[in-house]
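Beneath this line is the structure, given in structure tokens, with notes to follow.
Please treat every number below as a calculation from the coordinates, not as lab data. Since the structure is predicted, the reported quantities are computational estimates derived from the model, not experimental observations. Ideal geometry is used to build each Cβ from the backbone, glycine not excepted, and the neighbour counts take in all protein chains shown.
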Amino acid sequence: MTGSFDILIVGVGGQGTILASNVLGEACLIEGRHVAGAETHGMAQRGGSVESHIRIDAAGGPLISPGTADLLIAFDLLEALRYRHFLAPGGVMVAAEQIIVPTPVFQQKLAIPTPEAIIERLGGIELCRVDAAALAVEAGSILAQNIVMLGAASGFMPLAAGSLIKAVMRCVPPKTVAINVAAFEKGMDAGEACRTA
């Protein structure tokens with residue numbers, strides 16, 4: 001691989017985007033790869049938009065420019081639509097099927113689009129849709145959706161699955177390791193299904 005591989009993780013406050021970016025950073029350290037990262041928290045209370053930039057083997061700064069992300073991981077369909085313009089031509093988006101319905105402050109009393117309408121507006125990209133909530137529950141905790149999403153995206157990034165699993169084990173609370181490893185593995189299976197469909 002030449003140049004950087006740029007990953008943008010987007011979601012809303014409370015979904016674990018920062019933990020997910022920490023896992024990716026840890027996996028890079030395990031593999032001895034250079035990594036640069038930055039988070040934009042904004043209104044990062046539950047419901048506010050949050051983005052994490054991870055640049056693997058990048059020579060420049062930590063922020064990803066619009067139109068250059070190799071991989072966009074969206075924990076929410078509305079956020080997938082909001083950040084779609086960051087995806088490079090030929091880039092891949094891995095998106096959770098869920099929509100976190102924003103409070104009236106964030107939605108400004110506008111109608112929430114349906115998942116089908118969002119998918120239509122995303123058109124023209126390689127999209128892997130994941131039912132992260134259901135898979136997290138199967139793994140043992142609804143709170144593990146962020147790790148499900150990392151697992152689903154893992155086959156699209158230049159990091160070994162073993163390094164990512166080891167990073168998950170290092171970054172999550174000790175009592176949740178088994179659940180999070182199971183969540184990652186269930187996400188990997190979902191991602192594999194996307195790649196072979």
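Things to note:
- Among the cysteines of the chain, those with no neighbouring cysteine Cβ under 4.7 Å are 28, 171.
- Taking 0.36 nm per residue of separation and subtracting the Cα-Cα distance, full extension of the segment from residue 120 to residue 88 would add 9.7 nm.
- Stokes-Einstein diffusion for the chain at 37 °C, viscosity 0.692 mPa s, with a Kirkwood radius from C-alpha pairs, works out to 198 µm²/s.
- Taking Lys and Arg as +1 and Asp and Glu as -1, the other residues whose beta-carbon sits under 15 Å from that of residue 193 total -4.
- Positive-end residue of 143, 65, 153, charge dipole of the chain with Cβ unit charges: 143
- Estimated from the Cβ-Cβ distance and a Förster radius of 41 angstrom, the FRET efficiency linking residue 110 and residue 160 is about 0.45.
- Sites residue 170 and residue 195, calculated FRET efficiency, Cβ-Cβ separation with R0 22 Å, nearest 0.05: 0.25
- Helical segments meeting 20 Å axial Cα length and Kyte-Doolittle 0.5 threshold in the chain (DSSP H): 17-31
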